[in-house]
Structure formats: C-alpha cells, structure tokens
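Novice: Quick one: the structure is below, questions incoming.
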Amino acid sequence: MTPNDQLKELARIRGLMDRSTRFLSLSGLSGVVAGVVALAGATLARYHITQSLAPGADVLTYGTGRGYDQADELLLTLIADAALVLVLALLGAFWFTWRRGHRTGQHLWDASARRLMINMLVPLGVGGVFSLALFYYGLPGLVAPATLVFYGLALFSASKYTLDEIRWLGASELVLGVVALFWLDAALLFWALGFGVLHIFYGGLMYLRYERVSKESA
C-alpha cells in the first residue's frame with residue numbers, strides 16, 4: 001500500500017467515525033430559509049410596533065400591565081408572529097435536512113441526530129419558558145435578547161454533534177444577545193441580525209462548503 005493509499009484509507013475511516021458520532025446531514029439551505037423567514041417576521045414585528053406604540057414609548061414593557069388594550073393586542077400579535085416564524089423555519093429545516101440525508105444515506109433520526117436534538121432541546125425549552133415568563137410579567141423588551149442568548153447556548157451545546165460552523169453560529173448568537181440586553185432600543189435589529197442575517201450567511205457557507213461540492217463531485 002502506497003502512502004497515498006494509506007492517506008485515503010485514513011480519510012475514509014475518519015469519515016465513517018464522523019458519520020457515527022456527528023449528524024452531518026444538516027442542510028445549509030435550511031439555515032438560509034430560516035434566515036429569510038426570520039427577516040420577514042422581524043419586518044412584520046417592527047411594523048406592528050411602530051404602528052402601536054407612540055414615539056419614545058418604554059421599550060422594556062411596551063406599556064403592558066397598565067390597562068392599555070392596544071399594548072396587550074400588540075403582545076398577542078408579536079407572539080403569533082414569533083410562532084409563525086418558528087413553525088415555518090422548522091418545516092424548512094426538516095424538509096431540506098431530510099432531503100440531504102436521503103441523498104447521503106444518513107437517517108434523519110439516528111443516534112447522532114438524537115444526541116444533537118437532546119443537547120439543543122434542553123436550552124431551547126428553558127429559553128422558551130423563560131421568554132413566556134417575560135411576556136407574562138410584562139417585559140417583552142427582553143424577549144429578543146433572551147431568545148438570542150438561549151438559542152446561542154443551544155447551538156454551542158449541540159455543535160459537537162454536527163458541523164463545525166454551528167459552533168461559530170452559536171457563539172455569534174450569544175454575542176448579539178448579550179449586546180442586545182444592554183441596547184434594548186435596537187434589540188429587534190439584533191434579533192434580525194442573529195436569526196436572519198447570520199442564518200443566511202452560515203447556511204450559505206455550509207451549502208457551498210459541503211453540499212455543492214458533494215453534488216459536483218458526484
């Protein structure tokens with residue numbers, strides 16, 4: 001066996017080990033779709049906030065808890081907006097990841113996928129309950145930074161079970177979330193950057209690096 005053959009064999013073994021321990025079928029296109037949906041949701045949220053709140057209104061409470069029916073209606077609209085964004089993003093992630101997994105021969109719900117989901121769902125679940133508590137106590141201005149922070153923690157925790165780019169995406173979300181906590185006037189902008197622009201950037205990067213290359217080599 002020549003040295004070149006040995007290197008190829010080592011690369012093949014490493015690939016098999018990665019496939020058994022890491023979920024590598026995560027599609028970059030799912031990130032792009034999630035980013036586009038998030039930008040649309042952020043634009044819609046900004047429109048409703050601008051229409052409902054007077055200039056200089058409290059960005060922490062949006063006037064909730066003081067008998068303002070308009071502010072309470074705004075909160076319900078924002079919750080519905082966020083729920084719709086979440087559902088559409090999850091559907092896009094499922095479709096594109098299933099399609100890539102079917103093409104590469106990796107099951108969508110194997111051991112590596114289960115480890116990935118468990119490590120993501122714990123921070124996401126806690127973050128979802130925490131965000132609902134913020135709405136409940138009339139502090140909607142903290143929801144955008146909180147979701148960025150918990151989402152970043154979830155990605156960072158799960159990154160060891162999937163593509164390396166997820167770790168950097170998680171770190172970026174954490175940074176944006178922490179900055180947004182101290183800059184509430186621009187919290188929705190940071191949310192759009194984190195869930196919109198960063199998803200599109202990293203999703204496109206993952207697609208170009210892993211999916212387009214594999215299609216061309218095939």
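The values are calculated or read from the model by the stated rules, or taken from the named source; none is laboratory data. Everything numeric in this text was worked out from a predicted model, so none of it was measured. Ideal geometry is used to build each Cβ from the backbone, glycine not excepted, and the neighbour counts take in all protein chains shown.
Novice: Quick check: is even one residue across segment 63-74 under 21 Å from GLY194 (Cβ atoms) and at pLDDT below 80?
Specialist: No, because not a single residue in segment 63-74 is under 21 Å from GLY194 (Cβ atoms) and at pLDDT below 80.
Novice: Now for a separate question. Regarding segment 165-172, can at least one residue be identified that is surrounded by 22 or more Cβ atoms within 10 Å (Cβ to Cβ) and hydroxyl-bearing (Ser, Thr, Tyr)?
Specialist: no
Results for (1) within 26 Å of ASP58 (Cβ to Cβ); (2) modelled with pLDDT of 80 or more; (3) assigned to a helix (DSSP H, G or I), shown as yes or no for each residue.
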| position | (1), (2), (3) |
| --- | --- |
| TRP98 | no, no, yes |
| HIS107 | no, no, no |
| ARG114 | no, no, yes |
| VAL126 | no, yes, yes |
| PHE130 | yes, yes, yes |
| LEU134 | yes, yes, yes |
| PRO145 | yes, yes, yes |
| LEU155 | no, yes, yes |
| SER159 | no, yes, yes |
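Novice: From LEU188, LEU176, which residue is touching a residue at least 12 places away in the same chain (Cβ under 8 Å), crowded, with 19+ Cβ neighbours inside 10 Å and more than 27 Å from PHE96 (Cα to Cα)? Outline the logic, then answer.
Specialist: Working: LEU176 fails: more than 27 Å from PHE96 (Cα to Cα).
The conditions single out LEU188.
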